[in-house]
Amino acid sequence: MPAPDRTDTAPAFTLPEPFHGWFASRGWRPRAHQLELLAETSAGRSMLLIAPTGAGKTLAGFLPSLTELAARGRPKPGTAGYGSLHTLYVSPLKALAVDIERNLARPVDEMGLKIRIETRTGDTPQSKRARQRTDPPDILLTTPEQVSLLIANGQAERLFSGLRYVIFDELHSLIASKRGHLLSLALARLRKLAPGMKTIGLSATVADPEELQRWLTPQPPEGEALAGRITVAGGASPVITILETEERIPWSGHSARYAITDIYRTIGEHRTTLIFVNTRSQAELVFQELWRVNDDSLPIALHHGSLDAAQRRKVEAAMGRNELRAVVATSTLDLGIDWGDVDLVIHVGAPKGASRLAQRIGRANHRMDEPSRAILTPANRFEVLECQAAIDANYAGAQDTPPGGDGALDVLSQHVLGMAAAAPFDADDLYAEVTSASPYARLDRDTFDKVIDFVATGGYALKSYERYARIRKRADGLWRISNPQVAQQYRLNIGTIIEAPMLNVRLTSRKNGVLSGRGGPPLGKVEEYFLESLAPGDTFLFSGKILRFEGIRENECLVSRAWDQDPKVPAYAGGKFPLSTYLADSVRAMIADPARWGALPEQVSDWLRLQSQVSQLPARDSLLIETFPRAERHYMVFYPFEGRVAHQTLGMLITRRLERMRAGPLGFVATDYSLAVWALEDMGAMIAGGRLDLGELLDEDMLGDDLDAWLDESWLLKRTFRNCAVISGLIERRHPGKEKTGRQVTVSADLIYDVLRSHEPDHILLRATRADAAQGLLDIVRLGAMLKRIKGHIRHRALERISPLAVPIMLEIGRETVAGEAHESILAEAAEDLLAEAQNLA
Amino acid sequence: MHGPMSAFKTAQDAAGPAAVEIDVNGTPVVCDRAGVAWLPQSRALVVSDLHLEKGAAHARRGFLLPPYDTAATLARLAAAVLAYDPRLVISLGDSFHDRTGSEHLPPAYRQELQALQRGRDWVWIEGNHDPERPAGLDGAWSRELYLETLVFRHEPGKGAAEGEVAGHLHPAARVVRRGKGVKRPCFASDGSRLLMPAFGSTTGALELRHPAMRGLFDRNRLIAHLIGRDRLYSVAFNRMNG
């Protein structure tokens, strides 16, 4: 636990004994915010505490319940304990709960308090979990999924009857997800079980703190309510610079290979360096390249979510003992666990969001009053602009965490089934309870009733499942589960985290070209779909090694060591963040303002200057479009700076429209900054001749019919549907190990989607799917805002040749495999092989 | 050749064939993009793994899949029967998703199925999902059926079997070109055995590389006919990855 401040001035409110004595014995004084939180919660208020790392946030969060527990009387005579939980602590990470247990134990032991503290996670043995239900500890440290399981239990009422506090750690990272939606519903139920209970939210700085304040407190039917808020000012401002280099910064790509020697030199100059990257494949690559130049054999390690857990634990332990000089990591280390004596953070690639950058930089130097030190390493020239914008934002204290959004309906379906499993419910009561949770405050009654109908019989217009109903409304007007199996089914399928199907990677050896029968050590897991694009013999980078793909045996991917110089880098998803709206705007502003170019490396400002000479610079409030011919094709490049996802969606829609306008579009490619479309026809000439109207091409109405038509066919929507179907309980979760027989063919969510779409396009689950896609996958909201902004502000430049600003995206074109969804053309290409073979024989 | 063959010929367009005639153990067999096989000499139509009432079977276990799969499958079956006007229909097992499927079949679907059966022979081959004769429906019931040089059974036997036409495994092939993999259900044959794709509207598929397929084919002669959007794509097994 971070040490409380020794120098704070003494506040009016003081700590009760034995806390006061314990603080004094260590020469500490409680901080002002710790006492303020204690005073506010004692007065019965729910509170949000916003504080930077190192401010003693966690201790502050526990002080109200620790002091109350220390002061309570003995349990009722004749009972073994108190029979109910006193405090529930919820953290997004299992590891965090375990960490807190260790850190709380010390003060509790030293003060001789009789307080039982236990953890409960997915790893907790069944026997201990059962015991925790009958004989609960005073403080339970757990995860959101476990809370949902506990409230769906028949004993929930007794278990939570004496609940006084619920503490949510890292609340900012929880609420903007389906996991947060489910937790908000669980919280609404906890309030009902323990009406006097108070919530305490702990959070890093966020863009919209009121959203968190609403989340922590019940929302009235009209208007809104806020929990209280205490904000602790940030410590010393971080010192952030862009990596200085003599090397040429590349036009495009994400490897940052050019910077490896400079990064390595910087590691040598510091005690411990954390190197953050955006994707796992980047982590593998940077790690590999660093070891290539590691002449001094510095202890440099690798840490990302796909690696084998034992290996990750080893790295974390070595880090805690300060044995490492550098760790290359993805976001797995983002959240608040202490990591030894880090004195430098290097960020490879653009941070993509100002808040994310601030969080990651917070990892260095865990003392509040010393400045953190960070170096940003842009991988290409556009990223230089983005890094500079992020530095400006961090100094300015800007925040751009995404808003939480409306509560998802698939999550609500899961919760409704859980509530029926706990006890019979009245629909009116449950509706009131659900809409008291802030993400569901706007949920209308009709939609809620449709969700109940869905949970009961699937909610189909064709009422053929009445006899298979999972929940039924009985004569007393209450809904209850049809049989005990329903509750069991709910427990097995709980949660909102749907992992892409993963396979174990196991190392085997090859002798004289023959694969050893026995497997070697496991290296970690990779997504099944990544392996599907590999043929035996292909090489890829994983776990810091170059591996040869040998094949798939049962549920494992077999690999052997390979000695290739140039592996096929794993392209697995995870950690591909789009550029935040806030940073995008900052980048546009910087490009448009030559006075600010002084902060940029010379090669980058020269590049912008050249662009302003041969074409023009994209302005902050308009959209620049360039057209030019190149090698038999005609290109149209857009510069919206709205992030890759929004650009991909735009590309899909624009090519449909260009097709109709007879421009003969052939393909497109999107980056975070721009979009390039190429076609057979000279689009510049079409614009000049009035045959192509840019205002019409980019009209907002493309988000209507065109979007619907494209969406329905899109694999994106199918993948989203699969997740919604699992979360809502329509199809079974894939349980590891259960699918081993192979002969058992699992339900295909794609085919169910097709059937449902053609027979019942307005089904509630399809509504949930579209809402998801609009928010996350397609960034439609953002695209819509952009189209509105640029209406009437489109600047077109017809050029003779490629412009400097277009170079990066033109270089991407060759790298892109096949644009869009060219499934049929791939099959046709393969079928031609056989035809050609047949003709050769003839 | 008349009737049905010309039907499939007109279905053929410039982009590629909607049906492909292959030789299985000396018998000509037309594999149709619709997911059915046609034996022109016997005027027999073969479908496999209809998995009717799959949605209802899951609903009985608490997973309320859309109840539209049976209607969708029957509509496609009706279209194929109309196009070929077969003398005999062979349903190659797993016609119903579970034992009670045929018993609980809603009356409207039962009538639709009975209408398709009228005026022709119909053989239900026993499957692992439906090990009993379908309740309340016409047609013969058999473990296997011999026709021309072929033998029809649900589960393929172990090892080589000349002229065996089977289902059960729901074969699919994955073609990889330019770093992108595309998986589709397929007919799979090495000239000796034919494995039928699953016809049911919500049935998944298993890749030809899966261990369950081991030993069924001479992989050097194995060709997969993948079901595309408008046509069949024929790809040799050893060219799946380019």
(Q) I'm checking my understanding of the structure. Among residues of the range B:166-197 that are more than 7 Å from every other protein chain (Cβ to nearest Cβ) and on the phi > 0 side of the Ramachandran plot, which one is surrounded by the fewest Cβ atoms within 10 Å (Cβ to Cβ)? (A) B:GLY191
Q: Within the range B:122-130, identify whether any single residue is away from chain A (no Cβ under 14 Å) and over 26 Å from A:LEU751 (Cβ atoms), and answer yes or no.
A: yes
**Q.** Qualifying position, being within 34 Å of the chain's Cα centre (by Cα), at pLDDT 80 or above and more than 30 Å from B:LEU64 (Cβ to Cβ), among A:THR496, A:THR508
**A.** A:THR508
Q. Here are some conditions: (1) without any contact (Cβ under 8 Å) to a residue 60 or more places away in the chain; (2) of a type in the set (D, E, K, R); (3) away from chain B (no Cβ under 14 Å). A:ARG757 meets all but one. Which one does it not meet?
A. (3)
Q) For the subset of the range A:53-90 comprising residues that are part of a loop (DSSP other than H, G, I, E, B) and among the aliphatic types (A, V, I, L, M), which member is modelled with the lowest pLDDT? A) A:ALA80
Q: Report the residue count in the range B:213-229 for those that are facing another protein chain (nearest Cβ under 8 Å), touching a residue at least 40 places away in the same chain (Cβ under 8 Å) and surrounded by fewer than 16 Cβ atoms within 10 Å (Cβ to Cβ).
A: 0
Q | Complete set of residues in the range A:114-123 that are surrounded by 17 or more Cβ atoms within 10 Å (Cβ to Cβ) and in a loop (DSSP other than H, G, I, E, B) | A | A:ILE115, A:THR121
Q. For A:LEU443, all conditions in the list (1) under 21 Å from the mean Cα position of the chain (by Cα); (2) part of a loop (DSSP other than H, G, I, E, B); (3) hydrophobic (A, V, I, L, M, F, W, C); (4) modelled with pLDDT of 95 or more hold save one; what is the number of the exception?
A. (1)
Q: Could you figure out which of (1) among the charged types (D, E, K, R); (2) under 18 Å from the mean Cα position of the chain (by Cα); (3) farther than 15 Å from B:HIS168 by Cα; (4) modelled with pLDDT of 85 or more isn't true of B:ARG239?
A: (2)
Q. Within the range A:27-51, can you find the residues that are touching a helix residue (DSSP H, G or I) at 6+ places or on another chain (Cβ under 9 Å) and not in a helix (DSSP H, G or I)?
A. A:TRP28, A:ARG29, A:PRO30, A:ARG31, A:SER46, A:MET47, A:LEU48, A:LEU49, A:ILE50, A:ALA51
(Q) Being within 14 Å of A:PHE542 (Cα to Cα) and part of a strand (DSSP E or B) is the filter here; which residues of the range A:274-311 pass it? (A) A:ALA301, A:LEU302, A:HIS303, A:LEU307
**Q.** Condition check for B:ALA161: more than 13 Å from every other protein chain (Cβ to nearest Cβ), among the small types (Gly, Ala, Ser), over 15 Å from the mean Cα position of the chain (by Cα) and more than 26 Å from A:ASP833 (Cβ to Cβ)
**A.** yes
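Name the one entry in A:ALA679, A:ALA670 that is more than 27 Å from A:THR496 (Cα to Cα), assigned by TED's automatic domain parsing to the domain that holds A:MET786, within 24 Å of the chain's Cα centre (by Cα) and of a type outside the set (Lys, Arg).
One residue alone meets the criteria, A:ALA670.
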Q) For the range A:194-251, which fully contained strands (runs of 3 or more DSSP E) count at least 2 residues that are buried (at least 18 other Cβ atoms within 10 Å of the Cβ) and at pLDDT 95 or above? A) A:198-203
Q) Restricting attention to the range B:61-107, which residues are within 13 Å of chain A (Cβ to nearest Cβ), in a helix (DSSP H, G or I), aliphatic (A, V, I, L, M) and touching a strand residue (DSSP E or B) at 6+ places or on another chain (Cβ under 8 Å)? A) B:LEU74
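Can B:ALA135 be described as of a type in the set (Gly, Ala, Ser) and under 20 Å from A:SER464 (Cβ atoms)?
Here the answer is yes, as B:ALA135 does meet what is asked.
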Q.
Being buried (at least 20 other Cβ atoms within 10 Å of the Cβ), without any contact (Cβ under 8 Å) to a residue 24 or more places away in the chain and under 27 Å from A:LEU63 (Cβ atoms) narrows it down to one residue among A:GLN146, A:GLN132; which is it?
A. A:GLN132
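The values are calculated or read from the model by the stated rules, or taken from the named source; none is laboratory data. Bear in mind that the values here come from a model prediction, so they are computed numbers and not experimental data. Counting neighbours? That spans all protein chains shown, and the Cβs are built from the backbone with ideal geometry, glycine included.
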